[in-house]
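Since every read-out is calculated from the coordinates, none of them should be taken as a lab result. Note that this is a predicted model, so its numbers are computed, not measured. Neighbour counts are summed over all protein chains in view; Cβ atoms, including those assigned to glycine, are modelled from backbone coordinates with ideal geometry.
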There are 2 protein chains.
Amino acid sequence: MTSRLALALLASVLPLSSQNQMPGPVYTADGALLPPQSYREWMFVGSNLDMGYSEAKAPKRSAFHNIYIQREAYREYAATGRFPDRTILVMEQVSAGTNASINKRGKFEDEFLGIEVALKDESRFPEKWAYFNFIGEGGKALPAARAQPKERCWACHNEHGAADNVFVQFYPVLRAARPR
Amino acid sequence: MTSRLALALLASVLPLSSQNQMPGPVYTADGALLPPQSYREWMFVGSNLDMGYSEAKAPKRSAFHNIYIQREAYREYAATGRFPDRTILVMEQVSAGTNASINKRGKFEDEFLGIEVALKDESRFPEKWAYFNFIGEGGKALPAARAQPKERCWACHNEHGAADNVFVQFYPVLRAARPR
């Protein structure tokens, strides 16, 4: 075997390891965030139902929120307790169904409603984290979204997130992984 | 570079591809199933809260059920509409919390309670699928579990599962992936 052949063989095999690269944020030319792709193949860290932070009445439409994080960001958090730069948390909203098929009580996840995103991008946001809502008027999915004003999401996440702006206290998979 | 060094380098790199092998069931010598490992890194397909199939009253302890499937089994289902042999679905039970931290309404996932498993193993079970409960007396985690009697889980799954004994109708990620 020549060393050239050996290198060619290596090159044909090595890309497998690059599949472990963390998917990061993708922006439009004018700085809006595109919705993350394939996040359902990331790691699920917890779900909640109609969760709210005020005494206000429940939302009009009962919904589950499923939270996902890149697998690589999860592993980094489990190893160090820190979320790496370019961490993305996707919150998928799914309407709560009941009394369908053989279901008689409780609630199951019914129809996809849309996503919101928390993104850590230290070189782009002075506060490190920014928040994006991809659900437009009438529930329409937006092709791109701009960061919400700081006082809208960031301030509460910063004050109450158990770790680095993240509501780890509500996500059992992250709580279990947290280094002691 | 010698060909021996090249082969050694290849050997050190090639195992990456074998990481794509689907994790399968592991049994004790006397045929009980061991609890699946690392299922939280599999694909999440849906959650539900206090879901029941009878008019009976709600369970004593409110709980979420998170359903996971091996990534390879998911891909096969998305491509063909069939669950491959050795498909495992893990149902993780997590108690429902409320009024903790800044949460004022709705429910979030609080404490890990245990897991149940649906397993397709065509060479072992005449009905292809079998069902296992790893939650013992007083909520104790069992180190291994035997298949439940056929009439306990299998019969209902077989009659009402939207696809191949699986309640796809309640799992939005599987519904979305189902070939048309």
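Values for this structure:
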{"read-out": "Net charge contributed by nearby residues that have their C-beta within less than 15 Å of A:His157 (K/R +1, D/E -1)", "value": "-2"}
{"read-out": "Per-residue average of Cβ from other chains inside 10 Å of B:165-171", "value": "3"}
{"read-out": "Cα centre as origin, Lys/Arg/Asp/Glu Cβ charges: the protein assembly as shown dipole, Debye", "value": "40 debye"}
{"read-out": "Pairwise label distance in nanometres, A:Ala155 with A:Arg124, each label 7 Å out on the Cα-Cβ vector", "value": "2.4 nm"}
{"read-out": "Helix B:3-13 vs. chain B, principal-axis angle (Cα, 0 to 90°, nearest 10)", "value": "0 degrees"}
{"read-out": "Nearest-first distances (nm) between copies at B:Gly81, label 7 Å from Cα via Cβ", "value": "5.2"}
{"read-out": "The stretch B:33-180, dipole about Cα centre (Lys/Arg Cβ +1, Asp/Glu Cβ -1), debye to the nearest 20", "value": "260 debye"}
{"read-out": "Loop trypsin sites (Lys or Arg not before Pro), the stretch A:111-156, which have at most 13 other Cβ atoms in a 10 Å radius of their Cβ (DSSP)", "value": "A:Lys140, A:Arg152"}
{"read-out": "Positive minus negative residues near A:Ala130 (Lys, Arg vs Asp, Glu; Cβ under 11 Å)", "value": "+3"}
{"read-out": "Gaussian network model of chain B, springs between alpha carbon atoms under 10 Å - residue of B:Gly31, B:Gly114, B:Gly138 with greatest fluctuation", "value": "B:Gly138"}
{"read-out": "Taking all pairs of distinct alpha-carbon atoms in the protein assembly as shown, Kirkwood radius in angstrom", "value": "22.4 Å"}
{"read-out": "Charge dipole of the stretch B:62-180 about the Cα centre (unit charges at C-beta), most positive-ward option of B:Tyr171, B:Trp129, B:Val90", "value": "B:Tyr171"}
{"read-out": "Cleavage-rule hits, trypsin sites (Lys or Arg not before Pro), the stretch B:63-118, DSSP coil, Cβ neighbours within 10 Å at most 16", "value": "B:Arg82, B:Lys104"}
{"read-out": "Fraction of alpha-carbon pairs over 19 Å apart in the stretch B:86-180 - percent", "value": "54 percent"}
{"read-out": "Relative contact order for chain B, counting Cα pairs under 8 Å that sit 6 or more residues apart, in percent", "value": "19 percent"}
{"read-out": "Chain B: C-alpha gyration tensor shape, a/c 1.5 cut-off, then a/b vs b/c", "value": "prolate"}
{"read-out": "At 7 Å out from Cα toward Cβ: A:Arg124 inter-copy label distances (nm, ascending)", "value": "4.6"}
{"read-out": "Selected from B:Gln70, B:Gln93, B:Gln169 as most flexible by GNM, with chain B as the system and alpha-carbon contacts under 10 Å", "value": "B:Gln169"}
{"read-out": "Shortest-first distances to equivalent copies, position B:Glu111, nm, label 7 Å out along Cβ", "value": "3.8"}
{"read-out": "Sequence-distant aspartates and glutamates (8 or more away, or on other chains) whose Cα lies within less than 19 Å of B:Lys104", "value": "A:Asp50, A:Glu55, A:Glu159"}
{"read-out": "0 to 90° range, to nearest 10: angle between helix B:71-80 axis and chain B longest Cα axis", "value": "90 degrees"}
{"read-out": "Surrounding net charge for B:Ser47, when Lys and Arg each add one and Asp and Glu each subtract one, Cβ distance under 12 Å", "value": "-4"}
